[in-house]
């Protein structure tokens with residue numbers, strides 16, 4: 001049988017864990033907000049390693065793969081990766097809010113390895 005003291009100790013441990021989780025979540029959210037602000041002010045763009053790409057969906061204007069930055073929240077959107085990487089402007093490029101569109105991510109098992117991520121140069125084909 002569980003004693004009243006054991007029950008109280010479990011509650012205290014749960015409360016401590018919730019505080020850690022909440023602080024970590026806040027720090028992550030704040031870090032992404034700061035990163036997004038630097039992007040939005042055209043001070044710092046994202047790189048391919050910062051992005052999650054779609055499996056097959058592309059920008060209707062420039063055919064770049066759609067992507068979103070790692071660490072964004074559920075209110076974000078799939079955006080033309082060219083815009084996120086600072087290539088071109090954001091006028092007329094595709095942006096699809098997560099809440100309105102279902103886009104298959106490269107990370108989903110059902111993508112079967114498909115991605116719109118640009119090919120990385122192979123060391124075998126690089127000029128020496």
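Every read-out reported here was derived from the displayed coordinates using simple, explicitly stated rules and does not represent laboratory data. What you are looking at is a predicted structure, and each value in this text was computed from that prediction instead of being measured. Every residue, glycine among them, receives a Cβ derived from its backbone with ideal geometry; neighbour counts consider all protein chains shown.
By the count of other C-beta atoms within 10 Å, a proxy for reagent exposure, 29, 35 are ordered fewest to most as 29, 35. In this simple spin-label approximation, residue 37 and residue 99 carry label points 7 Å from Cα along the Cα→Cβ vector, and these lie 2.3 nm apart. Adding -39500 (n - 2.57) for every DSSP H run of four residues or longer, then dividing by how many residues the chain holds, sets the calculated 222 nm ellipticity at -11000 deg cm²/dmol.
Exposure proxy ranking for 30, 48, based on other Cβ atoms within 10 angstrom of each Cβ and starting from the fewest, stands as 30, 48.
With the highest mean first, a sort of the peptides 1-14, 97-110 on other beta-carbon atoms found within 10 angstrom per residue produces 97-110, 1-14. In this simple spin-label model, placing a label point 7 Å from the Cα along the Cα-to-Cβ direction at both residue 29 and residue 5 gives a separation of 3.9 nm. A Gaussian network model of the chain, with springs between Cα atoms under 10 Å, assigns the largest mean-square fluctuation among 86, 71, 113 to 113. Output the 0 to 90 degree angle, nearest 10, between the alpha-carbon long axis of helix 4-40 and the longest principal axis computed from the alpha carbons of the chain. Compared with the principal axis, the helix lies near 20 degrees. In terms of its C-alpha gyration tensor, the stretch 1-43 has a prolate overall shape, because the principal axis ratio a/c (a ≥ b ≥ c, square roots of the eigenvalues) is not below 1.5 and a/b outweighs b/c. Residues considered: 19, 70, 61. Largest GNM mean-square fluctuation over the chain, using C-alpha springs under 10 Å, is found at 19. The ranking of 93, 76 by Cβ neighbour count inside 10 Å, starting from the fewest, reads 76, 93.
Among the listed options [x] 20.5, 72; [y] 37.7, 103; [z] 15.2, 50, the one matching Rg and Dmax of the Cα atoms in Å as calculated from these coordinates is [x]. Computing FRET efficiency as 1/(1 + (r/R0)^6) for residue 112 and residue 58, where r is the C-beta to C-beta distance and R0 is 25 Å, gives about 0.90.
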